[in-house]
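The values are calculated or read from the model by the stated rules, or taken from the named source; none is laboratory data. These numbers were taken from a predicted model, which means no experiment stands behind them. Neighbour counts run over all protein chains shown; Cβ positions are idealised from the backbone, glycine included.
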Amino acid sequence: MTIFLRTMRDRRRSLLWWTMGLFALHLVTLAFYPTVRDQQSFDELVQQMPEALRAMFGMEQGISIGSPAGYLWARLFSSLLTVLLVVYAIVGGAGAIGGSEEDGTLELILACPVSRTALALQRFLAIAVHLAALVAFSAAALALLALPFSALQGISRPGFAAANAGLFSLALLHASVAFAGGAIAGRRAPGLAAGTLLAAGGFLAQGLLTAAGTPEWIRNLNPWYWYLQTNLLAFGARWEAFLPALALAALPAAAGIAVFLRRDLR
């Protein structure tokens, strides 16, 4: 596990800065909550928004934007928090193999008595652990900071846990796609492109396909729909919100490793 520990150690400063950023995001978001709590004017404004925009940001009919579940889902779990962690996952995944190979450091590592399989698996595992640590910190910080504002009132523990589990699994899927792109091409850019295409396309499709009344079997082809289909904070846990993405994340990573084992380094 030397590669895993070294990767964890190399990214510890980045992880620290990200935790500070997430803490600040939660603090600012929760500090603004008292201004919208139980304000019908905000609900009326939301209802005037295009349906595609409401669907894209998780603003569901019958759930007040001034309620804890409606506010946190719209402001964090279906928008800023999810996008930030997906960005972190894509950058980390693309750089794990492709970035290191592009920088010329991968050959030095492989000159040591370590196999390509061990290198790839341990680096991907480090990405997953970093993501899990960020999501766990985010959940703990949100639970703590929400206390003075009563911002978790009415939200069940299973629903809160499922929302964070779905957030992790969605980010891990994007990390896996970016990891595969970098491992197959031997450069960072293809990994970034692959992860970004999935993120941007999936996020936009989530709102547009829902607004267009597209059949559910088509919407179910989009990983973002699995997570954002319903407000987990309001309606409770759904296994579809996290298990499919978590299982699917293994496939791109495995494909990337398989190609990486058989090609020449750049």
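Structure notes:
- Entirely in the stretch 175-266, the helices (runs of 4 or more DSSP H) that have 2 or more residues that are touching a Ser or Thr at 6+ places or on another chain (Cβ under 6 Å) and crowded, with 21+ Cβ neighbours inside 10 Å: 250-262
- Filtered residues of the stretch 121-171 (kept if within 24 Å of Ala199 (Cβ to Cβ) and either outside any helix (DSSP H, G or I) or in contact with a His (Cβ under 6 Å, 6 or more places away or on another chain) (or both)): Ala141, Leu142
- Residues that are β-branched (Val, Ile, Thr) and more than 20 Å from Arg9 (Cα to Cα), drawn from the stretch 118-161: Ile155
- Counting only helices (runs of 4 or more DSSP H) wholly contained in the stretch 1-114, the ones carrying 2 or more residues that are at pLDDT 90 or above and at negative phi occupy 12-32, 68-72, 81-94.
So that you can scan it fast, the table gives a plain yes or no per residue for (1) touching a Pro at 6+ places or on another chain (Cβ under 9 Å); (2) free of Cβ contacts under 8 Å to residues at least 24 places away in the same chain; (3) surrounded by fewer than 19 Cβ atoms within 10 Å (Cβ to Cβ); (4) of a type in the set (Val, Ile, Thr):
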residue: Ala128; (1), (2), (3), (4): no, no, no, no
residue: Leu134; (1), (2), (3), (4): no, no, no, no
residue: Phe137; (1), (2), (3), (4): no, no, yes, no
residue: Ala141; (1), (2), (3), (4): no, no, yes, no
residue: Ala151; (1), (2), (3), (4): yes, no, no, no
residue: Phe160; (1), (2), (3), (4): no, no, no, no
residue: Leu170; (1), (2), (3), (4): yes, no, no, no
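- Only one of Thr214, Thr210 that is among the hydroxyl-bearing types (Ser, Thr, Tyr), over 19 Å from Ser169 (Cα atoms) and out of contact with any helix residue (DSSP H, G or I) (no Cβ under 7 Å at 6 or more places or on another chain): Thr214
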